[in-house]
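Trainee: Quick one: the structure is below, and I'll ask about it shortly.
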């Protein structure tokens, strides 16, 4: 294992009826609260009214309409509110997009330049307004990490960034808040957290990370089991709880000690959704299996282990590559059976669109296998 330092300051408040903790968690931070949320589903479900009731003793300001691929322009609006209204604390209510946007909001509020400078690392934040979250979609793990992904429509770019200053102070995880999710959002959440686990599973230090590989294999299996239950029984508390916790575990750093995950698939997907604005998880379901097929011949042992330990592939009378490929195909089929797309064509993306996607890449990708623009083009072509 490589040397590492790990610290996660986020307080997780898990279970039913945990909104009652909001007042106590926020009270030490001041009186002016900025409430950040998405397209308004929290009003339809009644969650908005419950939160406003819990915040009745505070001065509440709002930023609604955070996009599924959160825009840098939206974050700048939030940062402006923080400064104009002397906001003491921000509460993000929603899924990963709302939380990711909030992370940029709280950092950009303390920088006079463009918020995009923070995303592109031209400016390193030195201060951030404190914030907490109420999670309504199990997917990204943003509720317990310091990472964020932001889209810039003017430049057709979508980049990830992070800072130790933007860990949430607390995150309320109530599985019952996910009961009313549309099926496609539950599917996207399952794909997203599985992709986070897979990105870390495949890494250049694979021979030295068997402890974490075993943990990832176990979590992947539980996501697949409980994910199907969630889709069949949307109000199955045990399944929803397991899925919510799996999404958090997948990206809060605890299964990535001492090694580097690859993350090329995320970079490949970010370019797709930067240009075509499709949901992140849909892009991953399309691109990731084809990245796997592209790099597998040079890393057969890791993919063989994945096939056997995650998908129970029968090894009799098969070559190592045949075993590895069957595992990849089973992953792709699992996502397809859930209802996720598996080709770019399903989202009206054609071969002639590939150059514009490649142009939006952030540069070379990956650490297990370096993916150049030429490699990316071939992977996108496999994904058609």
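Trainee: Have a look at 60, 66 and point out the one that is modelled with pLDDT of 95 or more, within 22 Å of residue 146 (Cα to Cα), not in a helix (DSSP H, G or I) and not assigned by TED's automatic domain parsing to the domain that holds residue 236. It would help to see each step written out before you state the result.
Mentor: On the way: 60 fails: within 22 Å of residue 146 (Cα to Cα).
It is 66.
Trainee: Residues to consider are 274, 239; find the one that is touching a strand residue (DSSP E or B) at 6+ places or on another chain (Cβ under 7 Å) and either at pLDDT 95 or above or surrounded by 19 or more Cβ atoms within 10 Å (Cβ to Cβ) (or both). Walk me through it before giving the result.
Mentor: Values: 239 fails: touching a strand residue (DSSP E or B) at 6+ places or on another chain (Cβ under 7 Å).
Answer to the selection: 274.
Trainee: Among the residues of region 50-64 satisfying the criterion of being more than 23 Å from residue 76 (Cα to Cα) and out of contact with any helix residue (DSSP H, G or I) (no Cβ under 8 Å at 6 or more places or on another chain), which is surrounded by the most Cβ atoms within 10 Å (Cβ to Cβ)?
Mentor: Restricting attention to region 50-64, the residues satisfying the condition of being more than 23 Å from residue 76 (Cα to Cα) are 50-58.
Now restrict to residues that are out of contact with any helix residue (DSSP H, G or I) (no Cβ under 8 Å at 6 or more places or on another chain): 52-53, 56.
Working: 52: 13, 53: 10, 56: 8.
It comes out as 52.
Trainee: Which condition number does residue 317 fail, the rest of (1) without any contact (Cβ under 8 Å) to a residue 12 or more places away in the chain; (2) touching a strand residue (DSSP E or B) at 6+ places or on another chain (Cβ under 8 Å) being met?
Mentor: (2)
Trainee: Also, I was wondering about something else. Please verify whether region 252-265 includes one or more residues that are within 18 Å of residue 187 (Cβ to Cβ) and in contact with a strand residue (DSSP E or B) (Cβ under 9 Å, 6 or more places away or on another chain). Spell out the reasoning first.
Mentor: Quick first cut of region 252-265, residues within 18 Å of residue 187 (Cβ to Cβ) only: 265.
Now narrow it down to the ones that are in contact with a strand residue (DSSP E or B) (Cβ under 9 Å, 6 or more places away or on another chain): 265.
Yes, there is a match, as at least one residue in region 252-265 is within 18 Å of residue 187 (Cβ to Cβ) and in contact with a strand residue (DSSP E or B) (Cβ under 9 Å, 6 or more places away or on another chain).
Trainee: To continue, here is another question. Where in region 173-262 are there helices (runs of 4 or more DSSP H), lying wholly inside it, with at least 2 residues that are at positive phi and without any contact (Cβ under 8 Å) to a residue 24 or more places away in the chain?
Mentor: Working: elements: 183-201, 210-232, 237-250.
Per the criteria, no element qualifies.
Trainee: Residue by residue through region 148-172, note down the ones that are part of a loop (DSSP other than H, G, I, E, B) and either outside the structural domain of residue 40 (by TED's automatic domain parsing) or more than 18 Å from the chain's Cα centre (by Cα) (or both). Spell out the reasoning first.
Mentor: Our first condition is that a residue be part of a loop (DSSP other than H, G, I, E, B); within region 148-172, this holds for 153-156, 163, 167-169.
If the condition is that a residue be part of a loop (DSSP other than H, G, I, E, B) and either outside the structural domain of residue 40 (by TED's automatic domain parsing) or more than 18 Å from the chain's Cα centre (by Cα) (or both), then 153, 154, 155, 156, 169 are the ones that fit.
The values are calculated or read from the model by the stated rules, or taken from the named source; none is laboratory data. Source: prediction; values computed, not measured. Note that we place each Cβ from the backbone using ideal geometry, even for glycine, and neighbour counts take in every protein chain shown.
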